[in-house]
1. How about segment 6-21: which of its residues are charged (D, E, K, R) and touching a helix residue (DSSP H, G or I) at 6+ places or on another chain (Cβ under 9 Å)?
2. For segment 10-54, how many residues are of a type in the set (F, W, Y) and within 17 Å of E77 (Cα to Cα)?
3. I need a count of the residues in segment 75-90 that are hydrophobic (A, V, I, L, M, F, W, C) and free of Cβ contacts under 8 Å to residues at least 60 places away in the same chain.
4. Name the helices (runs of 4 or more DSSP H) wholly inside segment 18-104 in which the number of residues that are farther than 23 Å from S2 by Cβ and modelled with pLDDT of 95 or more is 2 or more.
5. Which of the residues spanning segment 20-45 are under 16 Å from R66 (Cα atoms) and either β-branched (V, I, T) or loosely packed, with under 11 Cβ neighbours inside 10 Å (or both)?
Amino acid sequence: MSEWRSSLRFTLTRTSVLRHAPEESGVYGLCNADQWVYIGHTSSLRKALLEYLRGQMPYVLQWQPRHFMFEVLPYRERISRQKTLVAHYQPTCNRKIHSAGGSS
């Protein structure tokens, strides 16, 4: 399955992240109105999204994502799920990171 398991999109604000994103392992995606900006995986969805909002991912910030989605998954599943979602959606920053970083 390459589509997101839920079609719920949340506004990418601190209040929305605190309200909706759990402190659990999973994959998350950042998007704006017309494109996927970044899809990542983390041990804490809430922490990763709050770090983004604090400017910890400047290469993503320049694309100004406005929404986020996520799926709660254990570690072993989240890595392969992230790869599947990236291959399907081709987010802008994942392409840049992969080509610049080599084997990430």
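The values are calculated or read from the model by the stated rules, or taken from the named source; none is laboratory data. Predicted model only: the values in this text are computed from it and were never measured. Quick reminder, even Gly has a Cβ in these numbers, built from the backbone with ideal geometry, and neighbours come from all protein chains shown.
1. The first filter runs over segment 6-21 and keeps only residues charged (D, E, K, R), leaving 9, 14, 19.
The one that is charged (D, E, K, R) and touching a helix residue (DSSP H, G or I) at 6+ places or on another chain (Cβ under 9 Å): R14.
2. Within segment 10-54, the first condition is being of a type in the set (F, W, Y), and the residues that meet it are 10, 28, 36, 38, 52.
Filter once more, so that each one left must be within 17 Å of E77 (Cα to Cα): 28.
Residues meeting the conditions: 1.
3. Within segment 75-90, the first condition is being hydrophobic (A, V, I, L, M, F, W, C), and the residues that meet it are 79, 85-87.
Then drop every residue that is not free of Cβ contacts under 8 Å to residues at least 60 places away in the same chain, which leaves 79, 86.
Residues that pass the stated criteria total 2.
4. Working: elements: 45-53, 58-61, 75-89, 92-101.
Of the helices (runs of 4 or more DSSP H) lying wholly inside segment 18-104, those with at least 2 residues that are farther than 23 Å from S2 by Cβ and modelled with pLDDT of 95 or more span 45-53.
5. Residues satisfying the conditions are A33, D34, V37, I39.
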